[in-house]
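*Asks:* What follows is a structure written as structure tokens; I'll ask about it next.
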Amino acid sequence: MGYSRGFHVWQIEWPERQRGTHAVVGVATKNAPLHAAGYTALIGTTDESYGWDITRRECHHDSKHTMTWRYPFSNSRDVYNVPDKFYCILDMDEGYMAFATDDEFLGVAFRNLKGKTLYPIVAAVWGHCEISMRYLGSLEPEPLSLSELCRRRVRIEMGAQPEDHIEQLMIPPILKRYLMYQY
């Protein structure tokens, strides 16, 4: 199931001994590649997915064109081991993804997710590994603001591909960016 609104939490159980060299959790759009040849951190290699490599403790988004970054961020985490059970937190209303353990919030890993529909995803190269993903629930989003309701209505009126028509509108550039979810 994909998420474009709301606050969602799911639990990942992935035994450390079954992670191998490329153990990645995250979210992806419908257009993200699901297969790759060789040993690669598939999630986060394109701009269609966001992945946390829990073995290397680094985040990937469009990593074919951009640098990865350390996560969790604290300098004291050089020897941090991700426990067998942890939580993925996706807030589509605020546009971020974060992670937590039973003991601590690890911080926001990815931002600027608003306006997308994202699906939970895991990737492994370890044969016969067992990974469980359990959806724990969500909080209903706040009612949409008047400006968000207006944006939604304009996009609906423009049809299936509103992006194709927004540039042609005779409105200020800032409103065009808002309609494209870039504001």
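*Asks:* Counting only trypsin sites (Lys or Arg not before Pro) that sit in a DSSP loop (anything but H, G, I, E, B) with at most 11 other Cβ atoms within 10 Å, what is the longest stretch of the chain containing none of them? Provide the component values of the computation, followed by the final result.
*Replies:* Details: sites that count: Lys30, Lys64.
The longest such stretch corresponds to 65-183.
*Asks:* Per residue, how large is the accessible surface of region 86-153? Use a 1.4 angstrom probe and give square angstrom.
*Replies:* On the way: 4100 Å² over 68 residues.
For region 86-153, the solvent-accessible area averages 60 Å² per residue.
*Asks:* Please give every one of the aspartates and glutamates within straight-line cross-link reach of Lys64, meaning a C-alpha to C-alpha distance under 20 Å, and leave out same-chain neighbours fewer than 8 residues apart.
*Replies:* Asp47, Glu48, Asp53
*Asks:* Just grab the label-to-label distance for Thr66 and Thr117, each label 7 Å out from Cα along the Cβ direction, in nm (one decimal).
*Replies:* About 2.3 nm, to one decimal.
*Asks:* To the nearest 10 degrees, how steep is helix 146-157 against the longest Cα principal axis of the chain, on a 0 to 90 scale?
*Replies:* 80 degrees
*Asks:* Something else: Could you please state how large a percent of the accessible area of region 7-139 is carbon and sulfur, counting protein chains only and using a 1.4 Å probe? Could you put the intermediate results ahead of the total?
*Replies:* On the way: 3510 of 7040 Å².
After summing per-atom areas, the C and S share lands at 50 percent.
*Asks:* Have a look at Asp164, Asp47, Asp102 and tell me which one the Gaussian network model of the chain (Cα, springs below 10 Å) gives the largest fluctuation.
*Replies:* Sorting by GNM fluctuation, first place goes to Asp164.
*Asks:* Still on this structure, I have one more. Using only the Cα atoms of the chain, what are the Rg and Dmax in Å?
*Replies:* 18.1, 58
*Asks:* Taking GluC sites (Glu not before Pro) as exposed when DSSP calls them loop (any state but H, G, I, E, B) and at most 14 other Cβ atoms lie within 10 Å, what is the longest stretch of the chain free of them, the sites themselves excluded?
*Replies:* Values: sites that count: Glu94, Glu104, Glu130, Glu167.
The reported range is 1-93.
*Asks:* Right, another one. Which entries in the list Lys114/Lys176; Lys30/Lys116; Lys85/Lys114; Lys30/Lys176 go over 20 Å, if you measure between the two C-alpha atoms of each?
*Replies:* Numbers: Lys114/Lys176 16 Å; Lys30/Lys116 10 Å; Lys85/Lys114 27 Å; Lys30/Lys176 25 Å.
In this structure, Lys85/Lys114; Lys30/Lys176 exceed 20 Å between Cα atoms.
*Asks:* Hey, what's the per residue convex hull volume over the C-alpha atoms of region 81-183, in cubic angstrom? Could the numbers behind the result be given before it?
*Replies:* Details: hull volume 17.0 nm³, N = 103.
So the per-residue hull volume is 165 Å³.
The values are calculated or read from the model by the stated rules, or taken from the named source; none is laboratory data. All values derive from a computational prediction rather than experimental measurement. Because the Cβ atoms are built from the backbone with ideal geometry, glycine has one as well, and the counts that use them run over all protein chains shown. All accessible areas refer to the heavy atoms of the entire protein, side chains included, with ligands and DNA or RNA removed. Shrake-Rupley method; radii C 1.70, N 1.55, O 1.52, S 1.80 Å.
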